[in-house]
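Only the coordinates and a few stated rules stand behind these numbers; no lab work does. Bear in mind the structure is a predicted one, so any value in this text is a computation, not a measurement. Cβ atoms come from the backbone with ideal geometry, glycine included; neighbour counts cover every protein chain shown.
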Amino acid sequence: MAEVAGKTKRPGSLVDRSKSLFATNRRLHEQISHLVTLQDVAQALSSELNLGRLLDRIVRSAAGLLHAPASSLLMVDESTNELVFEVVLGEKGDYLRQRRMSLNEGIAGWVAINGVPTIVNDVSKDCRFNRNLGEYDDFKTISILAAPLVVKGKTIGVIEVLNKATGPFTSEDLHWLEALASQAAIAIDNARLYQDVSDERNKLITVQEDMRKKLARDLHDGPAQSLSAIAMGIDVAKKLLEVEPGRVRDELESLRALAIKTSREIRTLLFELRPLMLEAQGLGPTLRCYVERLDGTEGLSLHFDALETVGRFPPEVEATIFAIAQEAVSNVRKHASARAVWLALERQEHLLTLSIRDDGKGFDLSSVESNYEERGSFGLFNMRERASLIGASLEIRSAPSQGTAITLKVPVPAGERGALAASA
Ligand SMILES: Nc1ncnc2c1ncn2[C@@H]1O[C@H](COP(=O)(O)OP(=O)(O)O)[C@@H](O)[C@H]1O
Ligand SMILES: [Mg+2]
């Protein structure tokens, strides 16, 4: 009997062993397939620089990897301390996209604040769960697996997958989501940096384009018209020679004055276009020369106050500061009906300050800034853009009949800080 009993047991253990071998095999198979997916994802993510497409890809990969019908990616908005649903895959997509929730809310908020992943297999028993966002029409959240997206020790977002189709989420699932999240976070950081760089480049292109338009306008309104007037004046002088020669001398005198004025206008335009002096001698001397050139023209007196020893800065910083001064002065000449404008350049250890103040009629800054599209001219806007390109702040203060004051504060690059002492 014992033998019989033994016999009945042995085949059973063989079956058990082969069952467990089969299970191990399946698990290994699954792990390999997860690894392959993860490797594909890592490769795809590292080559995607468009942020929108990248986020979409991450969410799809997460849902695919974990057999989940819904998944979403939320990014931290540091300015408001909120999480924003950037990509939502699944039935709730349209309802949730771009919705915001406080960092203190929901399971995603908890993950973002604590910087650790979490598994919740029954959300109805979890007090962190936010019912307003998790349940919508027919869609019901049952389980959530969420991991933080961490870059250089900082949580920039959260990725979640919902309602796994093949059973509860396991700690192994969590491990896979974390692996995906760490790849995704690096890719997002890269794409953001790339976007920042291309935004800056677009700003530069816009600024240059506007400069070209301004030059064309200035050439058209100034020298081109003066030259036509000179040509007409010469015709008049020729006729006068025949009918009233005594007046020719006066006519020629006024033509000469116009020619001198035109030549001065062209030189000033050339100077504005590319002040060679800026490269050779730096900001202080160049601004002084610019002010002296324009002083007294069109009834406006210009003053400049600076120590000649403000030091030297990288060429793009000097060129940008000069361009901002030019736009400010050109606005005073065009719009302010001012008697005087004062420019001042002041250098402290960590800060270079340029101010341009006029005693003209002033203007309502908020109404100008809210009407850019309609007006189609972008002088003040470009000043701000230029300032931001060199990490400077720009303050514009103006009020009707109170004049205008513009203050540009440029942080001195670390390498240049000793330069003041060296050049003083
Ligand atoms: N110093 C100033 N004094 C008076 N008004 C000014 C001054 N600077 C700018 N403005 C007003 O702001 C407007 C916008 O200036 P800007 O953006 O440079 O464009 P644009 O000079 O081409 O008109 C001007 O049209 C003018 O009404
Ligand atoms: Mg302007």
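If r is the Cβ-Cβ distance from E209 to M232 and R0 is 45 Å, what FRET efficiency results, to the nearest 0.05?
0.85
Please state the charge dipole magnitude for the range 340-386, taken about the Cα centre, from unit charges on C-beta atoms (+1 on K and R, -1 on D and E), reported in debye and rounded to the nearest 20.
The calculated dipole for the range 340-386 is roughly 140 debye.
Tally the DSSP beta bridges in the range 278-424 and give the antiparallel ones as a percent, rounded to 5. Provide the component values of the computation, followed by the final result.
Details: 21 of 27 bridges.
Restricted to the range 278-424, the bridges split so that about 80 percent are antiparallel.
Between R60 and K125, what FRET efficiency follows from the Cβ-Cβ distance if R0 is 30 Å, with the result rounded to 0.05? Walk me through the numbers on the way to the answer.
Working: r = 29 Å, r/R0 = 0.98.
Calculated transfer efficiency: 0.55.
What per residue convex hull volume, in Å³, do the alpha-carbon atoms of the range 278-424 yield?
In the range 278-424, the Cα hull volume divided by residue count equals 104 Å³.
How large is the dipole of the range 278-424 about the Cα centre if only Lys and Arg carry +1 and Asp and Glu carry -1, each at its Cβ, rounded to the nearest 20 debye?
On the way: 15 positive and 20 negative charges, 29 e Å.
It comes to approximately 140 debye.
Of V59, A191, A344, which is farthest towards the positive pole of the chain's charge dipole, taken about the Cα centre with +1 and -1 on the beta-carbons of Lys, Arg and Asp, Glu respectively?
V59
Length gain on complete extension for the stretch L14 to L273, per 0.36 nm per residue less the alpha carbon to alpha carbon distance?
Value of the extension gain: 84.3 nm.
For D40 and E395 in one chain, what is 0.36 nm times their gap in residues minus the Cα-Cα distance, to one decimal in nm?
122.9 nm
May I ask you to work out the translational diffusion coefficient for the range 199-335 at 4 °C, viscosity 1.567 mPa s, via Stokes-Einstein with Rh from the Kirkwood sum over Cα pairs, reported in whole µm²/s?
74
Residue-wise, which Karplus ³J(HN,Hα) couplings in Hz belong to the range 231-244, taking 6.51 cos²θ - 1.76 cosθ + 1.60, θ = phi - 60°, and x for glycine or proline?
For the range 231-244, the Karplus curve yields 4, 5, x, 5, 4, 4, 4, 4, 5, 4, 3, 7, 9, 8 Hz.
As I understand it, the value is the acute angle between the Cα axis of helix 171-219 and the longest principal axis of the Cα atoms of the chain; what does it come to in degrees, rounded to 10?
Once rounded, one gets 10 degrees.
Taking the Cα-to-Cβ direction at R27 and at N50 and moving 7 Å from each Cα, how far apart do the two end points lie in nm?
The two pseudo-label positions are separated by 4.2 nm.
Compute for the range 29-197: radius of gyration divided by Kirkwood radius, i.e. Rg/Rh, restricted to C-alpha atoms, rounded to two decimals.
Values: Rg = 14.8 Å, Rh = 15.8 Å.
My calculation puts Rg/Rh at 0.94.
Take the Cα atoms of the chain, build their convex hull, and give its volume per residue in Å³.
In the chain, the Cα hull volume divided by residue count equals 233 Å³.
Please work out how much length the chain gains when fully extended from C289 to F381, using 0.36 nm per residue of separation minus the C-alpha to C-alpha distance, in nm with one decimal.
Taking 0.36 nm per residue and subtracting the Cα distance, the gain is 30.5 nm.
Taking the beta-carbon count within 10 Å as an exposure proxy, list F139, F313 from fewest neighbours to most.
Ascending Cβ contact count within 10 Å gives the list F139, F313.
Which is farthest toward the positive dipole end of the range 273-415 among S377, L287, S398, measuring Cα position about the Cα centre, with Cβ charges +1 (Lys, Arg) and -1 (Asp, Glu)?
Of the candidates, L287 comes out farthest on the positive side.
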